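Engineer: Take this structure first; my questions come after.
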Amino acid sequence: MTLLEVENLAVHFGGIKAVDGVSFSVDKGEIFTIIGPNGAGKSTIFNLISRIYEPTSGRIRFEGRDITSLPPHSVAGLGIARTFQNIELFDLATVLDNMMLGRHAHRRTGVFEHLFFGRRTRDEELTHRRKVEEVIDFLDLQHYRDQMIANLPYGVRKVVELGRALCAEPKILLLDEPSSGLNVEETEDMSFWISDIKNLLGITVIMVEHDMNLVNDVSDRVLALNYGRVIATGSPAEVQAHPDVIRAYLGGDDTEAA
Ligand code: ADP
Ligand code: MG
């Protein structure tokens with residue numbers, strides 16, 4: 001079953017065609033990975049899906065519904081969560097607080113109810129707390145729970161950011177370079193977390209990633225992008241063997257192949 005469908009998506013910044021007519025669809029339950037050289041347009045696709053960028057043309061459908069014109073918070077509310085290429089956490093807050101912020105899309109009570117701290121707010125707070133503790137246990141973060149982000153090693157922050165996205169209980173998770181800045185061992189751990197997210201939590205994942213070991217370990221399908229265009233889609237092995245993909249990574253001029 002198709003969960004997310006991107007059709008002829010394009011965004012131009014001045015003269016730069018950052019994304020130039022990209023189409024793909026992601027099935028429920030799969031790990032779909034986007035690879036490509038720096039500047040290919042990978043993060044831009046995530047910014048288009050999470051509605052931070054306005055597309056020049058094209059459509060995005062989620063669960064059959066056109067979300068191309070929805071504001072970012074509505075998209076989050078529908079069940080699309082993400083992490084960023086450069087970690088975006090509140091450095092002076094604790095792991096727990098950052099994760100509680102991940103529950104934002106699920107807040108039902110308004111400001112006034114919070115002020116008076118009614119029963120409904122209290123119940124809601126408990127539900128959020130329980131969910132957050134569940135994610136902390138799932139990602140083995142108990143030890144860091146009350147520590148400030150600024151005091152944590154980079155590798156742990158990456159896991160916390162993943163956790164914050166999971167706290168939103170998404171249907172689909174967009175991971176922008178989950179292994180960037182991690183050492184070999186941390187990257188292997190990340191690979192296990194991503195597999196568990198798919199297999200144990202049943203969450204669909206779209207990932208942008210450079211580390212080919214990680215790509216091969218977890219991906220069901222891979223899409224290769226270059227200069228904002230799709231150059232290949234298929235199994236990890238098929239895509240890596242594709243002549244246009246090899247050419248793109250060797251840094252050669254691929255215009256003659258287009
Ligand atoms: P990557 O595949 O490395 O994630 P990006 O999606 O970040 O690549 O960028 C693709 C291209 O779009 C780059 O040339 C980048 O400079 C350009 N770009 C991305 N966002 C903007 C923006 N907000 N304004 C202008 N150019 C942008
Ligand atoms: Mg990027």
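Engineer: Once you charge only the Cβ atoms, +1 for Lys and Arg and -1 for Asp and Glu, what is the size of the charge dipole of the chain about its Cα centre, to the nearest 20 debye?
Structural biologist: For the chain, the charge dipole is close to 1060 debye.
Engineer: What accessible surface, in Å², does a 1.4 Å probe find on Met190, ignoring ligands, DNA and RNA and rounding to the nearest 10?
Structural biologist: Roll a 1.4 Å probe over it and Met190 shows about 10 Å².
Engineer: Quick check: residue separation of Ile246 and Gln142 times 0.36 nm, minus the Cα distance between them. What number comes out in nm?
Structural biologist: Going from the current span to full extension adds 33.2 nm.
Engineer: Any idea what the relative contact order of the stretch 144-258 is, in percent, if you count C-alpha pairs under 8 Å spaced at least 6 apart?
Structural biologist: Across the stretch 144-258, relative contact order equals 17 percent.
Engineer: In terms of the Cα gyration tensor, with a ≥ b ≥ c the square roots of its eigenvalues, is the stretch 179-222 rounded because a/c is under 1.5, prolate because a/b exceeds b/c, or oblate?
Structural biologist: oblate
Engineer: Next up: What ³J(HN,Hα) values, in whole Hz, does the Karplus curve 6.51 cos²θ - 1.76 cosθ + 1.60 give for the stretch 206-223 when θ = phi - 60°, with x put for Gly and Pro?
Structural biologist: Computed from phi, the couplings for the stretch 206-223 are 10, 10, 9, 8, 9, 6, 5, 5, 5, 4, 5, 4, 10, 7, 7, 9, 10, 10 Hz.
Engineer: Using modelled backbone amide H atoms (1.01 Å from N, in-plane), which distant-in-sequence or interchain residues come within less than 5 Å of Tyr53's amide H?
Structural biologist: The answer is Leu48.
Engineer: Averaged over all directions, how much area does the convex hull of the C-alpha atoms of the chain cover when projected, in nm²?
Structural biologist: Seen from a random direction, the Cα hull of the chain projects 14.9 nm² on average.
Engineer: What FRET efficiency comes out for the pair Glu125/Ile52, r = Cβ-Cβ distance, R0 = 30 Å, nearest 0.05?
Structural biologist: Efficiency, from the Cβ-Cβ distance: 0.55.
Engineer: If you don't mind, there's one more thing I want to ask. Over the chain, how many pairs of lysines fall under 15 Å by alpha carbon, counting only those 8 or more apart in sequence or from different chains?
Structural biologist: Working: Lys17/Lys42; Lys28/Lys171; Lys28/Lys198; Lys171/Lys198.
Close lysine pairs under the 15 Å cut-off: 4.
Engineer: Something else about it: Counting only DSSP beta bridges with both residues in the chain, tell me the antiparallel percent, nearest 5.
Structural biologist: Within the chain, antiparallel bridges account for around 60 percent of the total.
Engineer: Report the extension gain between Asp196 and Ile16 in nm, rounded to one decimal, defined as 0.36 nm multiplied by the number of residues separating them, less their alpha carbon distance.
Structural biologist: Once the chain is fully extended between Asp196 and Ile16, it gains 61.0 nm.
Engineer: In 10 Å bins starting at zero, report the fraction of Cα pairs in the stretch 113-241 per bin as a rounded %.
Structural biologist: Reading upward from the zero bin: 11, 35, 30, 15, 7, 2, 0.
Engineer: Give, as a single signed number, the net charge of other residues whose beta carbon lies under 12 Å from the beta carbon of Asp176, with Lys and Arg counted +1 and Asp and Glu -1.
Structural biologist: So the environment of Asp176 carries a net charge of -1.
Engineer: Apply the Karplus curve 6.51 cos²θ - 1.76 cosθ + 1.60, θ = phi - 60°, to the phi angles in the stretch 24-34 and return the couplings in whole Hz, x for Gly and Pro.
Structural biologist: 6, 9, 10, 7, 4, x, 9, 10, 10, 10, 9
Engineer: Step through the residues of the stretch 82-88 one at a time and calculate ³J(HN,Hα) from phi using the Karplus curve (6.51 cos²θ - 1.76 cosθ + 1.60, θ = phi - 60°), rounding each to whole Hz and writing x for Gly and Pro.
Structural biologist: 8, 10, 10, 4, 9, 2, 10
Engineer: Under a 10 Å cutoff between Cα atoms, tell me which one of Thr127, Thr94, Thr44 has the largest fluctuation in the Gaussian network model of the chain.
Structural biologist: In the Gaussian network model the winner is Thr127.
Engineer: Further, regarding this structure: Enter the accessible area of Arg229 (Å², nearest 10), with the probe set to 1.4 Å and all protein chains included.
Structural biologist: 130
Engineer: Something else: As a test of the definition: which semi-axes, in Å, follow for the stretch 1-154 when you take the square root of five times each eigenvalue of its alpha carbon gyration tensor? Largest first, please.
Structural biologist: Numbers: eigenvalues 217, 82, 47 Å².
With the √(5λ) rule applied to the stretch 1-154, the semi-axes are 33, 20, 15 Å.
The values are calculated or read from the model by the stated rules, or taken from the named source; none is laboratory data. What you see is a predicted model, and the numbers here were worked out from it, not measured in a lab. Note: ideal-geometry Cβ built from the backbone for every residue, glycine included; neighbour counts use all protein chains shown. With ligands, DNA and RNA removed, areas are computed over all heavy atoms of the protein, side chains included. Shrake-Rupley method; radii C 1.70, N 1.55, O 1.52, S 1.80 Å.
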